[in-house]
1. Output the residues belonging to the stretch 79-97 that are free of Cβ contacts under 8 Å to residues at least 60 places away in the same chain and within 15 Å of the chain's Cα centre (by Cα).
2. Could you please let me know if Ile101 is among the β-branched types (Val, Ile, Thr) and either closer than 29 Å to Asp28 by Cβ or exposed (fewer than 10 other Cβ atoms within 10 Å of the Cβ) (or both)?
3. Hey, among the residues in the stretch 70-109 that are farther than 22 Å from Ser45 by Cβ and either hydroxyl-bearing (Ser, Thr, Tyr) or not in a helix (DSSP H, G or I) (or both), which one's modelled with the lowest pLDDT?
Amino acid sequence: MARQRQQPARGFVNADPGNSDCARRGPDPIETTRANLTLYVTVTSFVGIVMLWHQGIFDARAGWTSLWLAPAYYVGLVGGIGLFPRFSDTRFRQFTLLLLIAVSTGILLA
């Protein structure tokens, strides 16, 4: 009896083992993946702030510091949106890794 070729599963885990790019980002277009990650990080951050406030860790001083830093956050957000179309996936990953290395090094040396 001839063996039938199995179709890959559909949905979140739809990845061709021979295609590492698909395995990294899933079946959705990169724009959808980045939008979903942005929403996830925003919601997770908001929930984290609520939990810290509930525990008494996020006080008025932290709130004022957050408001003071909000314009820089907004500039980074708008800048990232503007730069998104100009970066290829490879360049975006390289930039992100270099940024993470720089921030991590700064934290370690502080």
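1. Listed by number, the residues that qualify are Gly80, Ile81, Phe84, Phe92, Arg93, Gln94, Phe95, Thr96, Leu97.
2. yes
3. Looking at residues that are farther than 22 Å from Ser45 by Cβ and either hydroxyl-bearing (Ser, Thr, Tyr) or not in a helix (DSSP H, G or I) (or both), I get Phe87.
The values are calculated or read from the model by the stated rules, or taken from the named source; none is laboratory data. Being a predicted model, the structure only gives us computed values, none of them experimental. Every residue, glycine as well, gets a Cβ built from its backbone with ideal geometry; the counts of neighbours run over all protein chains shown.
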